[in-house]
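In what follows, a single structure is set out as structure tokens and then discussed.
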Amino acid sequence: MSIEMYIDSGSKEESEYIRRRLIEFNSRHVPKNMSSRYEEINLAIKNGEGQVVGGLLAILCWNWVEVDILWIDESLRGMGYGSQLLGQIENIAKEKNCTFIKLNTFSFQAPDFYRKNGYIEVAVLEDAPIGSSHFYFKKTIF
């Protein structure tokens, strides 16, 4: 007897369920002391009025931190706030005994900024999006 299956758009709750199930599966394939190491790390830069003017969203997973988003308001770029956020996440990664940080960026974003902060390019996809490049970086944490 065959059960009919179909693909449909998933809700936020279904998305979270799928993520949890993959995390459960993956945790069976890493050392026991790392199997439950998964947490969101979110940092925000706020001005004097409490408005968010920059921030960093990351996930600690097993022995690394993955920076998903680093954003600084355009009026504040070039003033060192992005480097301060990277320094903060690197300190957190060290405190949590991570061995590296990984992140990605586009050619129209900030690949040179990450290089300046000690990140090493490990891969690049050309024409992603068309006319641009998608860079992947890694920094070893000591």
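Okay, here's what the table says:
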| item | result |
| --- | --- |
| Karplus-derived HN-Hα couplings along the range 125-142 (A = 6.51, B = -1.76, C = 1.60, θ = phi - 60°), whole Hz, x at Gly and Pro | 10, 7, 6, 9, x, 3, x, 10, 10, 10, 9, 10, 10, 9, 10, 6, 9, 9 |
| Footprinting exposure proxy for HIS29, HIS134 (fewest neighbouring C-beta atoms within 10 Å first) | HIS29, HIS134 |
| For GLU13, GLU4, order by how many other beta-carbon atoms lie within 10 Å, fewest first | GLU4, GLU13 |
| Among beta bridges that DSSP assigns inside the range 40-140, antiparallel share in %, nearest 5 | 90 |
| C-alpha long axis of helix 12-27 to longest principal axis of the chain, angle in ° | 90 |
| Mean ellipticity per residue at 222 nm, deg cm²/dmol - from DSSP H runs of n ≥ 4 across the chain, formula -39500 (n - 2.57) | -8000 deg cm²/dmol |
| Taking N as its residue count, the alpha carbon Rg of the range 28-95 over 2.2 N^0.38 Å | 1.32 |
| Nonlocal amide H pairs with ARG37, under 5 Å, H built at 1.01 Å | TRP62 |
| Sum of side-chain charges, VAL67 neighbourhood, beta-carbon under 13 Å (Lys, Arg +1; Asp, Glu -1) | -1 |
| Gyration tensor (alpha-carbon) shape descriptor, the range 6-63, a/c threshold 1.5 | oblate |
| Charged-residue dipole, Cβ positions (Lys, Arg, Asp, Glu), the chain about Cα centre, Debye nearest 20 | 700 |
| Mean shadow area of the chain, taken as a quarter of the surface of its Cα convex hull (nm²) | 13.0 |
| On Cα atoms only, tilt of 81-95 relative to the major axis of the chain in degrees | 50 |
| Residue-count net charge about PHE142 - beta-carbon cut-off 11 Å; Lys, Arg +1, Asp, Glu -1 | +1 |
| Ranked packing of 115-127, 99-111, most packed first, by mean Cβ within 10 Å | 99-111, 115-127 |
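Only the coordinates and a few stated rules stand behind these numbers; no lab work does. Nothing here was measured: the structure is a model prediction, and the numbers come from that model. Every residue, glycine as well, gets a Cβ built from its backbone with ideal geometry; the counts of neighbours run over all protein chains shown.
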